[in-house]
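Coordinate-derived values only; no laboratory data. In this text the structure is predicted, and so the values were computed from the model without any measurement. Cβ placement follows ideal geometry from the backbone for every residue including glycine, while neighbour counts extend to all protein chains displayed.
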Amino acid sequence: MLKMLIVDDQNGIRRLLTEVFLEYGYEIESCGSGIKALEIIPEFQPDLIIMDVKMPGMSGIEVLTKLRETNCKSRVIMMTAYGDQIFYKQAEELGVSGFVVKPFDLNELKKQVGEIISVDHVSED
C-alpha cells in the first residue's frame, strides 16, 4: 500500500487531499508544518510527500533540503502559488518529482501522483 504524507498549513487543503487519496486506498498522514513533517517522516516512511512551499516556521524547500541530507528517498510533489525560477531550480536540484501551482487542478494532481506511482512500480520490477 502506498504511503502518502500531505504537508500544508491550510487545514482545508489537507482534508481535501486526504479524502481524495484515501479513496484510492493510500495510507495517508497529514500535518500543518514542515517541522512536524520532519518528525513524522522517519517513522511513517512515506513513498510520496505532497508539500506546500510556503509555510510558517520552515518552508517546503527547507524541509526537502533536510530530507535529502538524511538520504530520504520519498518522492515529493511541491505545491506553490509563488513559483519563481529560483524556487524551481532549487527544487529540481533537490530531486523534486513534480510541481503543482495553487489553486491547483485536482485532476492534474491525481494524474501526477499516478505517473509517479507507475514509474516507481516499473523501477521496482
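Values for this structure:
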{"read-out": "The range 17-50 - residue that is assigned to a strand (DSSP E or B) and β-branched (Val, Ile, Thr) and, of those, farthest from Glu69 (Cα to Cα)", "value": "Ile28"}
{"read-out": "Residue among Gln45, Gln90, Gln112 that alone is touching a residue at least 24 places away in the same chain (Cβ under 8 Å) and within 21 Å of Arg15 (Cβ to Cβ)", "value": "Gln112"}
{"read-out": "Search result, residues across the range 35-60 that are over 21 Å from Ile117 (Cβ atoms) and over 11 Å from the mean Cα position of the chain (by Cα)", "value": "Ile35, Lys36, Leu38, Glu39, Pro42, Glu43, Lys54, Met55, Pro56, Gly57, Met58, Ser59"}
{"read-out": "Ala37, sole failed condition from (1) surrounded by fewer than 19 Cβ atoms within 10 Å (Cβ to Cβ); (2) under 25 Å from Gly25 (Cα atoms); (3) in contact (Cβ under 8 Å) with a residue 12 or more places away in the chain", "value": "(1)"}
{"read-out": "Among residues of the range 4-59, those that are of a type outside the set (A, V, I, L, M) and either touching a Gly at 6+ places or on another chain (Cβ under 6 Å) or at positive phi (or both), counted", "value": "6"}
{"read-out": "Lys54 vs. criteria in contact with a strand residue (DSSP E or B) (Cβ under 9 Å, 6 or more places away or on another chain), among the basic types (Lys, Arg) and outside any strand (DSSP E or B)", "value": "yes"}
